[in-house]
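Right, one structure below, let's go through it.
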Amino acid sequence: MSIPVQPIRPAATIILVREAASSYEIFMLKRSSRASFASGMYVFPGGRVEGDDHLHKYDAYRHGPVEEQAAQVLALGDEWRGFWIAAIRETFEEAGLLLAYQGPGLVSFSDPLEHNRFAGYRPALYSGEMTLLDICREENLRLAVDQIHFYNRFVTPLGRPRRFDTRFFIAAAPESQVGHHDQQETVASTWISPIEALARHKNQEFELMNVTRIQLEWLADFPDKQSVLAMARAQSSFFTGRPSLPPNP
């Protein structure tokens, strides 16, 4: 009897970084214990690439990729648009952090009325009543692809109930946005340094998937936000972690 082939779903996620008193912090979400994937674990915001994420209609509502991201586009391949759009969409849906320009700068949630208006889009995005394209049109946004840098790629090992082929990106968090879990798929959220996250994981206080732990171990070598972003902008080759390969950059 033949063994059924496990489908591999394309996914995208963003490692968001911000300044901290010492070192820097990353935004992480705790998955619901009822979630079918990574239940109860802390993850970076992200999710599956949907068909609409590939639409050329988004081209009128994005800024980037820019020239310095040419190597990233090449590494992502013909479907580069879908990975960037999915990463932005899922990050806003799950974390309430929106990497998009409105006018000359990134969207600001410093005004409570504006914050509440954008927060109202999240349930509609989650339910499918609205798309990210709808929000871009409504608010005259340009998605900040130029601020989001492809970092690496991991494929879920064989034998798992669900398998994903995930592109990881790195970006600076918008300064006026704090982020908050969606209370649907995620039940808690925190800004935490890679070193602290790893220490808490070692003490069994902060559950992580192997791929998340590996990413945090690599990022813990960087002393501050600027060095992380400089690395992400300068990369010209990109690690791919496949089931048959050891997790080394």
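For region 142-197, name all the residues that are in contact with a His (Cβ under 8 Å, 6 or more places away or on another chain) and outside any strand (DSSP E or B).
Initially, region 142-197 is screened for residues in contact with a His (Cβ under 8 Å, 6 or more places away or on another chain), giving 142-146, 169-171, 187-189.
Across region 142-197, the qualifying residues are Ala144, Val145, Asp146.
Just to be sure before I move on: is Gln226 in a loop (DSSP other than H, G, I, E, B) and surrounded by fewer than 16 Cβ atoms within 10 Å (Cβ to Cβ) in the structure I sent? Spell out how you get there, then give the answer.
Working: in a loop (DSSP other than H, G, I, E, B): no; surrounded by fewer than 16 Cβ atoms within 10 Å (Cβ to Cβ): yes.
Spelling it out, it is not the case that Gln226 is in a loop (DSSP other than H, G, I, E, B) and surrounded by fewer than 16 Cβ atoms within 10 Å (Cβ to Cβ).
Among the residues of region 127-137, is there at least one that is part of a loop (DSSP other than H, G, I, E, B), free of Cβ contacts under 8 Å to residues at least 12 places away in the same chain and either in contact with a helix residue (DSSP H, G or I) (Cβ under 6 Å, 6 or more places away or on another chain) or surrounded by 22 or more Cβ atoms within 10 Å (Cβ to Cβ) (or both)?
Residues of region 127-137 part of a loop (DSSP other than H, G, I, E, B): 128-131.
Next, from what is left, pick out any that are free of Cβ contacts under 8 Å to residues at least 12 places away in the same chain: 128-130.
Add one more test, that the residue is either in contact with a helix residue (DSSP H, G or I) (Cβ under 6 Å, 6 or more places away or on another chain) or surrounded by 22 or more Cβ atoms within 10 Å (Cβ to Cβ) (or both), and what stays is 130.
Yes, there is a match, as at least one residue in region 127-137 is part of a loop (DSSP other than H, G, I, E, B), free of Cβ contacts under 8 Å to residues at least 12 places away in the same chain and either in contact with a helix residue (DSSP H, G or I) (Cβ under 6 Å, 6 or more places away or on another chain) or surrounded by 22 or more Cβ atoms within 10 Å (Cβ to Cβ) (or both).
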#### Entry: Output for region 104-126, where each listed residue is touching a residue at least 24 places away in the same chain (Cβ under 8 Å) and surrounded by fewer than 17 Cβ atoms within 10 Å (Cβ to Cβ)
Ser108, Ser110, Tyr126
### Task
Output the residue which, of all residues in region 198-209 that are aliphatic (A, V, I, L, M) and part of a helix (DSSP H, G or I), is surrounded by the most Cβ atoms within 10 Å (Cβ to Cβ).
Leu198
### Query
Can you name the condition, by its number, that Thr212 falls short on among (1) under 18 Å from Ala21 (Cα atoms); (2) among the β-branched types (Val, Ile, Thr); (3) crowded, with 17+ Cβ neighbours inside 10 Å?
(1)
### Task
Looking only at region 177-197, count how many residues are surrounded by fewer than 16 Cβ atoms within 10 Å (Cβ to Cβ) and either modelled with pLDDT of 95 or more or touching a strand residue (DSSP E or B) at 6+ places or on another chain (Cβ under 8 Å) (or both).
2
#### Entry: Neighbours by Cβ (under 7 Å, 6+ apart or cross-chain): first from region 196-220, closer than 15 Å to Glu25 by Cα; second of a type in the set (Val, Ile, Thr) and not in a helix (DSSP H, G or I)
Thr212/Val43; Gln215/Ile15
### Query
When you go through Leu113, Leu143 one by one, which is the residue that is under 17 Å from Leu97 (Cα atoms), of a type outside the set (Phe, Trp, Tyr) and touching a helix residue (DSSP H, G or I) at 6+ places or on another chain (Cβ under 9 Å)?
Leu143
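Name the helices (runs of 4 or more DSSP H) wholly within region 19-122 that hold at least 1 residues that are of a type in the set (S, T, N, Q), within 28 Å of Trp218 (Cα to Cα) and at pLDDT 95 or above?
Values: elements: 70-76, 80-95, 112-119.
Passing ranges, in order: 70-76, 80-95.
The values are calculated or read from the model by the stated rules, or taken from the named source; none is laboratory data. These figures come from a predicted structure and were not determined experimentally. All Cβ positions, glycine included, derive from the backbone under ideal geometry; neighbour counts span all protein chains shown.
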